[in-house]
1. Somewhere in the stretch 132-153, is a residue touching a Pro at 6+ places or on another chain (Cβ under 6 Å) and in a helix (DSSP H, G or I)?
2. Give the residues of the stretch 78-131 that are out of contact with any Gly (no Cβ under 9 Å at 6 or more places or on another chain), farther than 17 Å from Leu51 by Cβ and acidic (Asp, Glu), sorted by residue number.
3. Any residue in the stretch 40-60 that's outside the structural domain of Leu247 (by TED's automatic domain parsing) and on the phi < 0 side of the Ramachandran plot: show its pairings with residues that are among the β-branched types (Val, Ile, Thr) and in a loop (DSSP other than H, G, I, E, B) at Cβ separation under 7 Å, as long as the two are six or more apart or on different chains.
4. If we scan the stretch 74-84, do we find a residue that is of a type in the set (A, V, I, L, M), surrounded by 14 or more Cβ atoms within 10 Å (Cβ to Cβ) and in a strand (DSSP E or B)?
5. Which residue pairs have Cβ atoms under 8 Å apart, sit 6 or more places apart or on different chains, and have a first residue in the stretch 142-153 that is in the same structural domain as Asp125 (by TED's automatic domain parsing) and a second that is buried (at least 18 other Cβ atoms within 10 Å of the Cβ) and at pLDDT below 95?
6. Write out, first by first residue and then by second, each pair whose Cβ atoms fall under 8 Å of each other, whose residues are 6+ apart or on separate chains, and whose first residue, in the stretch 104-130, is within 16 Å of Leu147 (Cα to Cα) and modelled with pLDDT under 95 while the second is β-branched (Val, Ile, Thr) and assigned to a loop (DSSP other than H, G, I, E, B).
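The values are calculated or read from the model by the stated rules, or taken from the named source; none is laboratory data. Every value quoted in this text rests on a predicted model; they were computed, and no experiment measured them. Cβ placement follows ideal geometry from the backbone for every residue including glycine, while neighbour counts extend to all protein chains displayed.
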Amino acid sequence: MSPDDLVRLKLDISYDGTDFSGWAEQPGRRTVQGEVQSALARVLRLDEVQLTVAGRTDAGVHARGQVAHLDVPAALWEQEADRLLRRLAGVLPADVRVRAVGPAPEGFDARFSPLFRRYVYRVSDAPGGVDPLRRRDVLWHKRPLDLARMNEAAAALLGEHDFAAYCRRREGATTIRALLRLEWVEEEPHLYAGTVQADAFCHNMVRALVGALLAVGDGRRETDWPGRVLAAGVRDSAVHVVPPHGLSLEEVAYPPDAELAARAVATRRVRTPAGEG
């Protein structure tokens, strides 16, 4: 089948990550990718479906704004377009939903075209603990937190840096990232939301950053400590990687349609520190 016979579909996906072993397919494990691909294959009557995702979330991490794409025969899409969303809702488990599906613009790549990914980590320092109805998406921190201290520390981490101190290294993968936003707000009394936005993230980066800022917020570390850890460039055992359940992928943002292909090409470049290569 030639590329002209295919249509690329963009899927907006949400899920409660509690009972998943992350996004990516793993033999013998329940994953978001596995559930969605299985549902698509069943509804579209295809032998195999392969999704490309914007961000591979870890086990226990949630998503409101996940994005993926897949290529299907154009004739099949024309046949199923009006009913695909409802049919998926009928076969998917309750903890994952495809919220929208439709043809992607020319040049769209769910993984390489994004301008940024935005995550939110929610934590509560309520003396009596987390509301039981929020136990799956809010971390309880048993010490009182000072958001002003946390935001002061966060400001020093913004910009393009080598985040090796806050990432689990992977062979052949760079740890240079552009951190665009890192700030905390109080959503309601004793419930705080930390927004972490970057062009991309390396493994454990968000949860390690949150762990460092919580140590500042409760007074165990000074406000300049997260910046000093970043400058050292090596993993620090004092940086606690917080549990996954407080984290949600809220948004994946893409450029205007005319810039999608160029953005994908630019994203594939090998990142190097300023002044190198």
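1. The answer is yes; a qualifying residue exists.
2. Result: Glu78, Asp82, Glu106, Asp131.
3. Sorted first by the residue in the stretch 40-60, then by its partner, the pairs are Leu40/Val49; Ala41/Val49.
4. Looking through the stretch 74-84, none of the residues is of a type in the set (A, V, I, L, M), surrounded by 14 or more Cβ atoms within 10 Å (Cβ to Cβ) and in a strand (DSSP E or B).
5. none
6. Every condition considered, no pair remains.
Yes/no matrix, rows are residues, columns are (1) over 25 Å from Val138 (Cβ atoms); (2) touching a Pro at 6+ places or on another chain (Cβ under 6 Å); (3) in a helix (DSSP H, G or I):
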| position | (1), (2), (3) |
| --- | --- |
| Asp12 | no, no, no |
| Thr18 | no, no, yes |
| Gln26 | yes, no, no |
| Arg30 | no, no, no |
| Ser38 | yes, no, yes |
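Listed here are the residues, each with its yes/no results for (1) under 26 Å from Glu183 (Cβ atoms); (2) in the same structural domain as Phe20 (by TED's automatic domain parsing); (3) assigned to a loop (DSSP other than H, G, I, E, B).
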| site | (1), (2), (3) |
| --- | --- |
| Ala89 | no, yes, no |
| Arg99 | no, yes, no |
| Asp109 | no, no, yes |
| Val120 | yes, no, no |
